[in-house]
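**Q** Mind looking over this structure? Questions follow.
The values are calculated or read from the model by the stated rules, or taken from the named source; none is laboratory data. The shown structure was predicted, so the numbers you read here are calculated from the model rather than taken from an experiment. No Cβ is skipped: glycine too gets one built from the backbone with ideal geometry, and neighbour counts run over all protein chains shown.
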Amino acid sequence: MPCQDNHLSKVSRTSRVPGWIFTSVVAGCLFFGALAAGASADDDFVLIFNGETLDGWTGQEGLWRVEDGHLIGETTAEAPIERNSFLIWEGGEPSDFELTFRFRIDSEWGNSGVQVRSERLDGYVVAGYQPDIATDDWITGILFEERGRGILARRGERTVIDEDGEKHTEVFADADALGEHIDPHEWNDYHVVAEGDRITTIINGHVTHEVVDRSPQARRQGIIAFQLHTGRPMTIRLDDIRLKTLFRPLFDGETLEGWDGDPDIWRVEDGQIVGETTEDGQLEHNTFLIWNEGEPADFELEFRYRIDTEWANSGIQVRSERLDGYRVAGYQPDIATDDWITGILFEERGRGILARRGQRVTLDPDGERTVEEFASEDELFEHIHMDDWNDYRVIAHGNRIVTMINGVKMHELVDDAPEARRSGVIAFQIHTGPPMRIRFEAINLREIFFLISDRENLDE
């Protein structure tokens with residue numbers, strides 16, 4: 001964050017608004033408060049700093065090092081920095097997540113912070129949301145936007161930034177009272193939760209701010225980074241840096257915003273995505289409803305589906321490539337009324353069937369195929385509801401893709417062949433053939449990020 005004088009020059013007076021605007025914020029705050037106590041014990045948290053090296057992180061040489069298992073950022077009087085400099089995590093750009101770490105400032109003065117959902121600019125310069133850390137007692141626990149809109153929420157404030165960019169702020173706790181729980185020269189537990197349009201910071205178990213950002217400037221994903229601020233010499237110590245990504249909805253239940261497909265085929269009805277063809281609208285080729293807001297690599301994808309017609313052939317594309325129009329090529333965990341199809345893994349416009357139901361298939365770097373049967377194809381079919389809703393889950397980690405239906409594993413592919421894909425679009429399919437109707441709902445995605453040095457282990 002900038003120096004205190006810059007902060008003060010950017011502060012705008014907040015306006016009081018009716019209590020109803022904060023209803024969802026209060027509910028979220030209560031939820032996040034409950035999270036704070038148990039965050040470090042949750043197995044879904046992944047260490048993103050190995051305690052030994054700066055592997056997976058990049059920053060200006062001479063400013064960052066590892067010492068006694070801690071990540072240390074330091075500036076000196078002999079080599080002051082001319083602009084704020086950041087240590088940037090190279091593991092991805094998470095969207096919805098929880099980030100936890102511990103910090104301690106070892107110098108008399110210090111000014112730092114953690115960037116989330118941010119953008120890397122030239123060199124080691126970053127722009128975006130910054131939950132703050134400093135020795136100045138009013139700063140730690142505020143939310144600042146580096147190279148942006150300045151202070152978004154002070155300690156003890158809940159702020160809603162509406163669609164027009166107007167700020168509406170309410171004080172939920174005394175800033176000084178919250179500050180009594182923070183000693184920058186001792187170890188402090190820091191917890192940032194970003195979910196949907198909301199960012200919440202919790203320090204030593206106490207919520208220090210909450211921001212709901214619905215403005216055009218809002219950021220929904222981006223890098224994580226730690227800051228060293230210009231000014232006097234400083235030393236900050238960080239450790240136990242952990243990340244847990246959260247499921248986020250890809251379908252709002254009302255519109256096809258974020259999706260691209262033939263409007264004659266796809267619509268929203270009763271809170272569900274409906275894909276339908278008719279006798280009068282026969283397809284010349286398979287067509288897809290494509291999620292156009294990302295190409296995830298490692299993730300868990302979950303949704304529910306139901307087939308309403310006597311015949312249907314569909315599927316979910318993952319790590320796929322968009323071709324011309326509404327065509328897609330890539331991995332397709334399958335869905336159909338033909339009893340041998342649902343639960344297989346097919347490669348659309350590629351290698352065909354990669355794994356049947358009940359198979360674990362390994363494709364080596366030469367494309368050679370090894371098949372292991374782990375379950376009976378017919379027994380697995382008994383877990384699929386042909387006339388009702390089904391819970392579908394696809395897990396992609398490294399070189400591995402696993403599909404589960406109604407909680408039961410259907411297939412597993414380990415793909416090290418030259419044709420293997422590690423990231424790509426998500427899309428739903430409508431196949432050529434007789435008229436069909438299929439419905440989808442509760443479509444959620446959780447992207448997964450790893451310690452850089454662990455990625456190779458995932459491919460074993």
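**Q** Only residues in the stretch 282-302 that are in the same structural domain as Pro333 (by TED's automatic domain parsing) and closer than 9 Å to Ile426 by Cβ count as the first member; pair them with residues that are assigned to a strand (DSSP E or B) and of a type in the set (Phe, Trp, Tyr), Cβ under 8 angstrom, at least 6 apart or cross-chain, and list the lot.
**A** Between residues of the stretch 282-302 that are in the same structural domain as Pro333 (by TED's automatic domain parsing) and closer than 9 Å to Ile426 by Cβ and residues that are assigned to a strand (DSSP E or B) and of a type in the set (Phe, Trp, Tyr), the close pairs are Ile290/Trp259; Trp291/Trp259.
**Q** Looking at the stretch 303-314, can you tell me whether even one residue there is basic (Lys, Arg), in a strand (DSSP E or B), closer than 14 Å to Val394 by Cα and assigned by TED's automatic domain parsing to the domain that holds Ala417?
**A** Yes, the stretch 303-314 contains at least one residue that is basic (Lys, Arg), in a strand (DSSP E or B), closer than 14 Å to Val394 by Cα and assigned by TED's automatic domain parsing to the domain that holds Ala417.
**Q** Could you please tell me which pairs satisfy a Cβ distance under 8 Å, a separation of 6+ or placement on different chains, a first residue in the stretch 204-229 that is under 29 Å from Gly123 (Cα atoms), and a second residue that is in a loop (DSSP other than H, G, I, E, B) and among the polar types (S, T, N, Q)?
**A** Arg220/Ser95; Gln221/Ser95; Gln227/Asn84; Leu228/Asn84; His229/Asn84
**Q** Right, another one. Against the definition (over 21 Å from Pro263 (Cβ atoms) and at pLDDT 95 or above), how does Val318 come out, yes or no?
**A** Taking the combined requirement at face value, the residue satisfies it.
**Q** Right, here's the next one. State all residues of the stretch 233-276 that are more than 19 Å from Arg446 (Cβ to Cβ), outside any strand (DSSP E or B) and in contact (Cβ under 8 Å) with a residue 12 or more places away in the chain; if no residue qualifies, say none.
**A** Pro233, Glu254, Thr255, Leu256, Gly261, Asp262, Asp264, Ile265, Gly271
**Q** Kindly check whether there is at least one residue in the stretch 411-433 that is of a type in the set (Phe, Trp, Tyr), surrounded by fewer than 18 Cβ atoms within 10 Å (Cβ to Cβ) and on the phi < 0 side of the Ramachandran plot.
**A** Checked the stretch 411-433: no residue is of a type in the set (Phe, Trp, Tyr), surrounded by fewer than 18 Cβ atoms within 10 Å (Cβ to Cβ) and on the phi < 0 side of the Ramachandran plot.
**Q** How many of the residues making up the stretch 307-322 are surrounded by 17 or more Cβ atoms within 10 Å (Cβ to Cβ) and more than 24 Å from Arg400 (Cβ to Cβ)?
**A** Summing the residues that are surrounded by 17 or more Cβ atoms within 10 Å (Cβ to Cβ) and more than 24 Å from Arg400 (Cβ to Cβ) in the stretch 307-322 gives 3.
**Q** How many of the residues making up the stretch 177-210 are among the small types (Gly, Ala, Ser), on the phi > 0 side of the Ramachandran plot and in contact with a strand residue (DSSP E or B) (Cβ under 6 Å, 6 or more places away or on another chain)?
**A** 0
**Q** Taking the residues in the stretch 323-345 that are over 21 Å from Trp291 (Cα atoms) and of a type in the set (D, E, K, R) as candidates, determine which candidate is surrounded by the most Cβ atoms within 10 Å (Cβ to Cβ).
**A** Asp339
**Q** Would you pick out the residues in the stretch 218-251 that are closer than 19 Å to Arg83 by Cα and not β-branched (Val, Ile, Thr)?
**A** Ala225, Phe226, Gln227, Leu228, His229, Gly231, Arg232, Pro233, Met234, listed by residue number.
Table: residues versus (1) surrounded by 15 or more Cβ atoms within 10 Å (Cβ to Cβ); (2) more than 26 Å from Asn444 (Cα to Cα); (3) touching a residue at least 24 places away in the same chain (Cβ under 8 Å).
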residue: Arg356; (1), (2), (3): yes, no, yes
residue: Pro365; (1), (2), (3): no, yes, yes
residue: Arg369; (1), (2), (3): no, yes, no
residue: Glu377; (1), (2), (3): yes, yes, yes
residue: Arg393; (1), (2), (3): yes, no, yes
residue: Arg400; (1), (2), (3): yes, no, yes
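**Q** Another question, if that's okay. Kindly establish whether Thr201 is in the same structural domain as Arg102 (by TED's automatic domain parsing), polar (S, T, N, Q), part of a strand (DSSP E or B) and over 25 Å from Phe86 (Cα atoms).
**A** no
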